[in-house]
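This report concerns only the one structure given below.
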Amino acid sequence: MIIAVDFDSVATRIGPDLLCIAGARESLAALKKAGHVLLLWSPRTNRARQHLAEFDPLVRAGVTGDAQDDASRASWAAADREMRAFVDEYLAGYFDAIDDGRQGCPCVDLWVMARSVSVTDRAGWAALSGLYGEP
């Protein structure tokens, strides 16, 4: 199985440093031992944030403007470098690949994410609108 793991699901910012979430390394090791292919994914690699606004579908549709200035792009690029350095130091060997932001949403069998909303039926959509349906 190909499993995408969101970087923020294995590391969290506590103060100025990134730290592994408790149990993350052990779980990743178990998934690797079971033969799964692990892809590290993160919005930190988003090419629209780091490079050109034309990569952003919301900009292309005219929903938002090109709000990314040079300082913002530099900040996203620095966050990407920080993630890669963390992986090299603390998570080396766990991931088969790190998403580079070129593909868009990777095609995988399973996503592991800390922040997600599941809407598999009418009740799920009702819960979503209950949480976010008011301005």
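The numbered conditions (1) assigned to a loop (DSSP other than H, G, I, E, B); (2) more than 14 Å from Phe7 (Cβ to Cβ); (3) at pLDDT 80 or above are all true for Pro135 except (3). I'd like to know if the range 89-103 contains one or more residues that are of a type in the set (Gly, Ala, Ser), without any contact (Cβ under 8 Å) to a residue 12 or more places away in the chain and over 22 Å from Asp17 (Cα atoms). Within the range 89-103 (the criterion being of a type in the set (Gly, Ala, Ser), without any contact (Cβ under 8 Å) to a residue 12 or more places away in the chain and over 22 Å from Asp17 (Cα atoms)), the answer is no, since none of the residues qualifies. Inside the range 1-73, counting only helices (runs of 4 or more DSSP H) that do not spill past its ends, which hold 1 or more residues that are hydroxyl-bearing (Ser, Thr, Tyr) and either surrounded by fewer than 16 Cβ atoms within 10 Å (Cβ to Cβ) or at pLDDT 90 or above (or both)? Because the criterion is at least 1 residues that are hydroxyl-bearing (Ser, Thr, Tyr) and either surrounded by fewer than 16 Cβ atoms within 10 Å (Cβ to Cβ) or at pLDDT 90 or above (or both), the helices (runs of 4 or more DSSP H) in the range 1-73 that meet it are 24-33.
Out of Arg84, Arg115, Arg102, report the one residue that is of a type outside the set (Asp, Glu) and in a helix (DSSP H, G or I). Let's see the steps before the verdict.
On the way: Arg115 fails: in a helix (DSSP H, G or I); Arg102 fails: in a helix (DSSP H, G or I).
After applying the criteria, what remains is Arg84.
Condition first: of a type in the set (A, V, I, L, M) and assigned to a loop (DSSP other than H, G, I, E, B). Now tell me which residues in the range 87-99 satisfy that. Selection gives Leu91, Ala92.
The values are calculated or read from the model by the stated rules, or taken from the named source; none is laboratory data. Keep in mind that this is a model prediction, so the values were computed, not measured. For neighbour counting, all protein chains shown are included, and Cβ atoms are generated from backbone atoms with ideal geometry for every residue, glycine included.
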